[in-house]
Amino acid sequence: MFKHELLVATTNKGKLSELRALLAGLDVDVRGLTEVFASPPVVEEDGDTFEANALKKAREVAQASGMLTLADDSGLEVDALEGRPGVRSARFAGEAATDDDNLEALLQALRDQTPGSDGHYAARFRCVLALWDPTVEGGEPVVVEGVCEGAIQQERRGHRGFGYDPVFVPRGGSLTLAELDAAEKNTLSHRAKAMARMRLVLEKVLAARSERVRRLLAAKGR
């Protein structure tokens, strides 16, 4: 069966792994930036919203590669911090910050804030996915969003996942995202919810691309 290539505009191994799992079953060969570029393009994420950053990454990487491109911008919003870290979630402790640096910066920022009655801080993970097809002239990008409500606890628990997962407990649960296995996380995470919507879009996009290939081959065979 013919498989289309889908370029995911990220060098984050954890994010790429999650997206690959969420795209399983579609007729796509999922590629990461380092699998396509010897020197991946660097897109400055200077937007004020997740949508602006996702669209910018999708557009610039699609133009550089000529490939169907999926970009993700996501992060953590904490009510006690007025929505921070937000779009700076990956850089909360600085431009070269590691996951551990960002997590420590978050916990430090919350030490001066009053938690809820349960001792936790209301928060949510938000994910915006943007799909850009550079082969469709005048085509519009597709944008979808997914949100996972929950709370930040002050104690790190679990060794799975990445980013702020060790301190985030989804609403209605008792385990952090870092304590859940990949299958469990992929049923309730912000990225899973966004991808559930994007899969419906991708199915239509891939079907249209397959039809264009079929017609091209038919024309050449005449």
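The values are calculated or read from the model by the stated rules, or taken from the named source; none is laboratory data. What you see is a predicted model; the values in this text were computed from it and never measured. Positions of Cβ are generated from backbone atoms using ideal geometry, with glycine treated the same way; all protein chains shown enter the neighbour counts.
Could you figure out which of (1) in contact with a His (Cβ under 9 Å, 6 or more places away or on another chain); (2) at pLDDT below 95 isn't true of Phe162?
Among (1) in contact with a His (Cβ under 9 Å, 6 or more places away or on another chain); (2) at pLDDT below 95, the lone unmet condition for Phe162 is (1).
Restricting attention to region 3-15, which residues are farther than 12 Å from Ala182 by Cα, of a type outside the set (S, T, N, Q) and out of contact with any Lys or Arg (no Cβ under 9 Å at 6 or more places or on another chain)?
Lys3, Lys13
Would a scan of region 52-66 turn up a residue that is surrounded by fewer than 16 Cβ atoms within 10 Å (Cβ to Cβ) and closer than 30 Å to Glu203 by Cβ?
Scanning region 52-66 turns up at least one residue that is surrounded by fewer than 16 Cβ atoms within 10 Å (Cβ to Cβ) and closer than 30 Å to Glu203 by Cβ.
Please list, ordered by residue number, the strands (runs of 3 or more DSSP E) wholly in region 94-187 having 1 or more residues that are surrounded by fewer than 12 Cβ atoms within 10 Å (Cβ to Cβ), within 17 Å of the chain's Cα centre (by Cα) and of a type in the set (Gly, Ala, Ser).
Here the list is empty.
Output the residue which, of all residues in region 21-41 that are at pLDDT 90 or above and of a type in the set (D, E, K, R), is surrounded by the most Cβ atoms within 10 Å (Cβ to Cβ).
The selected residue is Arg31.
Is it the case that Gly138 is farther than 27 Å from Leu70 by Cβ and at pLDDT below 95?
So Gly138 fails the test.
What pairs come up if the first residue lies in region 136-160 and is on the phi > 0 side of the Ramachandran plot and without any contact (Cβ under 8 Å) to a residue 24 or more places away in the chain, the second is part of a loop (DSSP other than H, G, I, E, B) and of a type in the set (S, T, N, Q), and their beta carbons are under 7 Å apart, counting only those six or more places apart or on different chains?
If the second residue must be part of a loop (DSSP other than H, G, I, E, B) and of a type in the set (S, T, N, Q), the pairs left are Gly158/Thr176.
For region 42-62, how many residues are over 21 Å from Glu145 (Cβ atoms) and at pLDDT 95 or above?
0
Taking the stated definitions as given, is Thr49 farther than 16 Å from Ala130 by Cβ and of a type in the set (Ser, Thr, Tyr)?
no
Test Ala38 against the stated conditions and say whether it is without any contact (Cβ under 8 Å) to a residue 12 or more places away in the chain, over 15 Å from the mean Cα position of the chain (by Cα) and farther than 29 Å from Leu103 by Cα.
When the stated conditions are applied, Ala38 passes them.
Cβ-Cβ under 8 Å, sequence separation 6+ or interchain: first residue in region 180-200 and farther than 12 Å from Arg20 by Cα and in contact (Cβ under 8 Å) with a residue 40 or more places away in the chain, partner charged (D, E, K, R) and outside any helix (DSSP H, G or I). Which pairs?
Partner pairs satisfying both residue conditions: Lys185/Arg160; His190/Arg124; His190/Arg126; Ala194/Asp72; Ala194/Glu145; Arg197/Glu145.
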